[in-house]
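Enquirer: Dropping a structure here in structure tokens format, bear with me for questions.
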Amino acid sequence: MEKEIISKIKKLKKEKDVVILAHNYQIPEVQDIADFVGDSLGLSQKAKEAGERIILFCGVHFMAETASILCPDKKVLIPDLQAGCSLSDSLALLQLKEWKKRYPDAVVVTYVNTSAEVKAESDYCVTSSNAVRVVNSIPEDKMILFGPDMFLGSYVSRVTGRKNIRLWAGECHVHAAVKAEDIERARKKHLKARFLIHPECGCVTSCMIDAFDKGEKDSIILSTEGMIREVEKNKEGEYVIATEKGILHRLKKVSPSSKFYPVSDELECKYMKLITLEKVLFSLENEVYEVKVKKEIRDKAIIPIQRMVEIA
Ligand code: SF4
């Protein structure tokens, strides 16, 4: 049955001139039928370069919106419209407008995990792979409003040494669940392993303080693409992974001889897991569900997104 679905997907993909992009947190079967698998930034870059007529986005809604903003002439499809994001939902347009009123001269830096409307009210968009670089590019005397992820924000603030950053108290329900105790438990269980920790994790501040204070070299805070690059360097390593566990599939492909342990088996994003092979096939057959951003929003949102892609 699965084989049949995969061969139908491949046939339709060719016939309808479609590129399939899948996020690192998608289920393994969906990652395996994609033309490209990556993080938000990598997939935005691939969307921008795509020559195909249709982009089928296997990820969550804000990612498909970003692709639509970057490629207004293409048809962007998502296989399930319910694939949202708790982090993106934690900063609504009106909340951002109110926040900006309190700091009228501040530069607004928002994570890519936001709606198109929120991006349209931002000066810069960032991902976990380029947030530090973007903040470093902003003049030191400028106040920064950083949202919606408070853990990524506090990580950026610490690494850049910036004191004039105000953080929005938003979080991703998956990464916020990772606590310092989970890392401690895994440390005792996997004595030789290195720890690759995503900057959205709830433990990130305490882990960084720990690592700095003790001079530890076995914990590294990395974006998902950073994790892939790190693992590629060492073909027989042992790693504890603190991010959504979908990434393990790609890590194992990149380094089949290494050992990977999720910091917790519960780190799973229910939104990412809504996309299945059956839904991908349905989406291709019926060319649904189209994600399109209104021109007036797009014209504003494209500016911070382009800055994000340029400072990659
Ligand atoms: S893992 Fe968190 S940030 Fe990523 S899509 Fe799911 S809810 Fe959003």
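Enquirer: Considering only residues of the range 39-56 that are among the aliphatic types (A, V, I, L, M) and in contact (Cβ under 8 Å) with a residue 60 or more places away in the chain, which is nearest to S129 (Cα to Cα)?
Expert: Filtering the range 39-56 for residues among the aliphatic types (A, V, I, L, M) gives 41, 43, 47, 50, 54-56.
Now restrict to residues that are in contact (Cβ under 8 Å) with a residue 60 or more places away in the chain: 41, 54, 56.
Details: L41: 8, I54: 27, L56: 23 Å.
Out of the qualifying residues, it is L41.
Enquirer: So the check is Cβ under 7 Å with 6+ separation or different chains; which pairs have a first residue in the range 80-93 that's on the phi < 0 side of the Ramachandran plot and a second one that's part of a helix (DSSP H, G or I) and more than 12 Å from the ligand (Cβ to nearest atom)?
Expert: As it stands, the answer is D80/K279; L91/V118; L93/E117; L93/V118, since those pairs meet every condition given.
Enquirer: With the structure loaded, tell me whether A83 is in a loop (DSSP other than H, G, I, E, B), out of contact with any Pro (no Cβ under 6 Å at 6 or more places or on another chain) and within 16 Å of the ligand (Cβ to nearest atom) or whether it fails that test.
Expert: Working: in a loop (DSSP other than H, G, I, E, B): yes; out of contact with any Pro (no Cβ under 6 Å at 6 or more places or on another chain): yes; within 16 Å of the ligand (Cβ to nearest atom): yes.
So A83 passes the test.
Enquirer: With the requirement that a residue be in contact (Cβ under 8 Å) with a residue 60 or more places away in the chain and either surrounded by 10 or more Cβ atoms within 10 Å (Cβ to Cβ) or over 15 Å from V30 (Cα atoms) (or both), what does the range 1-17 give you?
Expert: We begin by selecting, within the range 1-17, every residue in contact (Cβ under 8 Å) with a residue 60 or more places away in the chain; these are 2, 5-6, 8-9, 12-13, 16.
Selection gives I5, I6, K8, I9, L12, K13, K16.
Enquirer: Report yes if L248 is modelled with pLDDT of 95 or more and within 16 Å of the ligand (Cβ to nearest atom), otherwise no.
Expert: On the way: modelled with pLDDT of 95 or more: yes; within 16 Å of the ligand (Cβ to nearest atom): yes.
Against the criterion (modelled with pLDDT of 95 or more and within 16 Å of the ligand (Cβ to nearest atom)), L248 qualifies.
Each row is one residue, and each column tells you yes or no for (1) touching a Phe, Trp or Tyr at 6+ places or on another chain (Cβ under 8 Å); (2) at pLDDT below 95.
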| site | (1), (2) |
| --- | --- |
| S258 | yes, no |
| E266 | no, yes |
| K270 | no, no |
| E278 | no, no |
| L281 | no, no |
| E285 | no, no |
| R298 | no, no |
| A301 | no, no |
| V309 | no, yes |
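Enquirer: Given the criteria under 28 Å from G42 (Cβ atoms), in contact with a strand residue (DSSP E or B) (Cβ under 6 Å, 6 or more places away or on another chain) and away from the ligand (no atom under 16 Å from the Cβ), does I183 qualify? Break it down into steps so the answer makes sense when it comes.
Expert: Working: under 28 Å from G42 (Cβ atoms): yes; in contact with a strand residue (DSSP E or B) (Cβ under 6 Å, 6 or more places away or on another chain): no; away from the ligand (no atom under 16 Å from the Cβ): yes.
Criteria not met by I183.
Enquirer: Now for a different question. Within the range 138-220, which strands (runs of 3 or more DSSP E) (wholly inside it) include 1 or more residues that are over 20 Å from the mean Cα position of the chain (by Cα) and either in the same structural domain as G246 (by TED's automatic domain parsing) or at pLDDT below 95 (or both)?
Expert: Working: elements: 144-147, 165-167, 194-197.
The strands (runs of 3 or more DSSP E) meeting that bar are 194-197.
Enquirer: Considering only the range 125-160, state which residues are under 22 Å from I228 (Cα atoms) and either free of Cβ contacts under 8 Å to residues at least 24 places away in the same chain or among the basic types (K, R) (or both).
Expert: Matches in the range 125-160: R133 only.
Enquirer: How about the range 32-60: which of its residues are closer than 26 Å to Y124 by Cβ, part of a helix (DSSP H, G or I) and charged (D, E, K, R)?
Expert: K46, K48, E49
Enquirer: Here's something else I'd like to know. When the range 13-31 is examined, which residues are found to be in a loop (DSSP other than H, G, I, E, B) and over 13 Å from L274 (Cα atoms)?
Expert: Residues of the range 13-31 that are in a loop (DSSP other than H, G, I, E, B), as a first pass: 17, 24-27.
The answer is D17, N24.
Enquirer: Right, here's the next one. Does the range 304-311 contain any residue that is surrounded by 14 or more Cβ atoms within 10 Å (Cβ to Cβ) and within 15 Å of the ligand (Cβ to nearest atom)?
Expert: First, the residues of the range 304-311 that are surrounded by 14 or more Cβ atoms within 10 Å (Cβ to Cβ): 304-309, 311.
Still in the list and also within 15 Å of the ligand (Cβ to nearest atom): none.
Within the range 304-311, none of the residues are surrounded by 14 or more Cβ atoms within 10 Å (Cβ to Cβ) and within 15 Å of the ligand (Cβ to nearest atom).
Enquirer: Please work out if A64 is within 14 Å of the ligand (Cβ to nearest atom), outside any loop (DSSP other than H, G, I, E, B) and buried (at least 24 other Cβ atoms within 10 Å of the Cβ).
Expert: On the way: within 14 Å of the ligand (Cβ to nearest atom): yes; outside any loop (DSSP other than H, G, I, E, B): yes; buried (at least 24 other Cβ atoms within 10 Å of the Cβ): yes.
Answer is yes for this residue.
Enquirer: If you check every pair at least six apart or on different chains, which have Cβ atoms under 7 Å apart with a residue in the range 293-312 that is at negative phi first and a residue that is modelled with pLDDT under 90 and of a type in the set (F, W, Y) second?
Expert: none
Enquirer: Let me ask something else about it. Is there a residue being in a helix (DSSP H, G or I), surrounded by fewer than 17 Cβ atoms within 10 Å (Cβ to Cβ) and either more than 16 Å from the ligand (Cβ to nearest atom) or free of Cβ contacts under 8 Å to residues at least 60 places away in the same chain (or both) anywhere in the range 255-277? Please lay out each step first, then the result.
Expert: Of all residues in the range 255-277, those in a helix (DSSP H, G or I) come to 272-274, 277.
Okay, now just the ones that are also surrounded by fewer than 17 Cβ atoms within 10 Å (Cβ to Cβ), so 273.
Now narrow it down to the ones that are either more than 16 Å from the ligand (Cβ to nearest atom) or free of Cβ contacts under 8 Å to residues at least 60 places away in the same chain (or both): none.
No, because not a single residue in the range 255-277 is in a helix (DSSP H, G or I), surrounded by fewer than 17 Cβ atoms within 10 Å (Cβ to Cβ) and either more than 16 Å from the ligand (Cβ to nearest atom) or free of Cβ contacts under 8 Å to residues at least 60 places away in the same chain (or both).
The values are calculated or read from the model by the stated rules, or taken from the named source; none is laboratory data. Keep in mind that this is a model prediction, so the values were computed, not measured. No Cβ is skipped: glycine too gets one built from the backbone with ideal geometry, and neighbour counts run over all protein chains shown.
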